[in-house]
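Participant: Before I ask anything, let me first share the structure, which is written out below as structure tokens.
Every number here is computed from the coordinates shown, using simple stated rules; none is lab data. The shown structure was predicted, so the numbers you read here are calculated from the model rather than taken from an experiment. Cβ: placed from backbone, ideal geometry, glycine included. Neighbour counts: every protein chain shown.
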């Protein structure tokens with residue numbers, strides 16, 4: 001039952017990735033005063049599937065001087081890692097019991113850096129390597145503050161199990177008692193998933209699409225799927241930690257959709273940040289804020305004991 005439930009979860013996530021891409025193209029279209037996809041199927045509902053079929057049937061081109069084995073394996077590695085993240089989904093009926101869910105999430109997000117780095121390096125292209133280096137520096141910097149932000153809530157729920165968030169938020173959501181932390185967390189999620197305004201790894205104007213510039217066909221589709229699976233997963237974690245963790249309620253998934261909409265809305269609204277300001281933001285703003293909150297929460301817990 002555990003294997004079947006996880007397989008169904010992955011199928012649902014892959015279908016949701018398809019419709020998140022459609023949602024993004026529709027929202028960006030309306031922001032720019034145009035319609036977006038509206039021809040394939042009713043209101044463009046079949047557009048993501050036609051895009052996927054087109055991508056996988058395109059010819060796979062690869063640079064002659066690339067590191068061929070790594071060049072082909074890294075997109076598959078990124079997709080598998082994004083699927084591994086969903087193992088922490090807290091099943092109420094304990095088909096998969098994950099007592100160390102938060103630690104597993106931090107480990108997988110840390111390993112995800114290698115996918116971006118190796119994809120940029122194995123392409124043997126200066127643009128791809130530069131995009132990979134920028135993305136690695138950005139992701140590592142934001143993982144520090146992201147881990148410290150999560151440590152605050154590990155202290156509050158007294159454990160690493162995702163189910164604890166459902167128990168401890170039955171009366172009040174954590175977003176009401178720590179709204180500044182939520183803003184820091186959401187900004188870190190944008191940086192962690194390489195989304196606007198922190199999309200330096202894919203800065204089209206200066207890097208020609210960044211670390212994935214040499215990828216085409218199925219390999220590009222794998223990178224694309226991994227990125228959008230991470231966006232949905234970050235929305236899931238944000239809802240779980242901050243907005244009540246009742247995963248058996250339809251409102252939980254509605255809140256996830258609202259957060260995914262915020263990812264897209266920010267992309268359509270804000271210009272790209274400057275790189276040095278991005279680094280300043282994480283090391284001089286988010287890190288002190290999260291450390292001060294850790295002192296505050298641990299002090300409160302010691303006082304209550």
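Participant: In what sequence do 123, 178 fall when counting other Cβ within 10 Å, fewest first?
Facilitator: Details: 123 26, 178 21.
Fewest to most other Cβ atoms nearby, the residues stand as 178, 123.
Participant: By how many nm would the segment from residue 59 to residue 140 grow when fully extended, if each residue of separation counts as 0.36 nm and the alpha-carbon distance is taken off?
Facilitator: Stretched out fully, the residue 59 to residue 140 stretch lengthens by 25.7 nm.
Participant: On to the next question. Using R₀ = 25 Å, calculate the FRET efficiency as 1/(1 + (r/R₀)^6) where r is the Cβ-Cβ separation of residue 179 and residue 277; round to 0.05. If you can, show how the numbers build up before the last one.
Facilitator: On the way: r = 23 Å, r/R0 = 0.91.
E between residue 179 and residue 277, to the nearest 0.05, is 0.65.
Participant: Continuing with this model, one more query. In nm, what is the difference between 0.36 nm times the number of residues separating residue 111 and residue 30 and their Cα-Cα distance?
Facilitator: Roughly 25.5 nm would be gained on extension.
Participant: Would you calculate the separation in nanometres between label points at residue 69 and residue 250, each defined as 7 Å from the Cα along the Cα-to-beta-carbon direction?
Facilitator: Those two pseudo-labels are separated by 5.2 nm.
Participant: What are the semi-axes of the equivalent ellipsoid for segment 200-305, taken as the square roots of 5 times the Cα gyration tensor eigenvalues, largest first, in whole Å?
Facilitator: Details: eigenvalues 210, 105, 32 Å².
So the three semi-axes of segment 200-305 are 32, 23, 13 Å.
Participant: Give me the extension gain from residue 133 to residue 265: residue separation times 0.36 nm, minus the current Cα-Cα distance, reported in nm with one decimal.
Facilitator: Values: separation 132, 0.36 × 132 = 47.52 nm, distance 2.70 nm.
That pair, residue 133 and residue 265, stretches by 44.8 nm at full extension.
Participant: Go ahead and collect, in residue order, the members of segment 1-45 whose backbone nitrogen is under 11 Å from a label point 7 Å along the Cα-Cβ direction of residue 76.
Facilitator: none
Participant: Starting from the eigenvalues of the Cα gyration tensor, five times each then square-rooted, give me the equivalent ellipsoid semi-axes of segment 1-69, largest first, whole Å.
Facilitator: 27, 24, 12
Participant: R0 = 45 Å: FRET efficiency of residue 124 with residue 8, Cβ-based, nearest 0.05? Write down the numbers at each step before the final one.
Facilitator: On the way: r = 40 Å, r/R0 = 0.88.
Once rounded, the FRET efficiency stands at 0.70.
Participant: Ignoring everything except DSSP H segments at least 4 long, calculate the 222 nm mean residue ellipticity for the chain; use -39,500 (n - 2.57) per segment, divide by total residues, nearest 500.
Facilitator: Helices in the chain give a 222 nm mean residue ellipticity of -23000 deg cm²/dmol.
Participant: Order of 163, 154 from fewest to most other C-beta atoms within 10 Å?
Facilitator: Exposure proxy ranking, most exposed first: 154, 163.
Participant: So how tilted is helix 101-122 from the main axis of the chain? Cα-based, degrees 0 to 90, rounded to 10.
Facilitator: On a 0 to 90 degree scale, this one is about 20.
Participant: Now for a separate question. Using only the Cα atoms, work out Rg/Rh for the chain, with Rh taken as the Kirkwood radius, to two decimals.
Facilitator: A ratio of 0.97.
Participant: Take 34, 134, 25 and order them by how many other Cβ atoms sit within 10 Å, fewest up front.
Facilitator: The order, fewest Cβ neighbours first, is 34, 25, 134.
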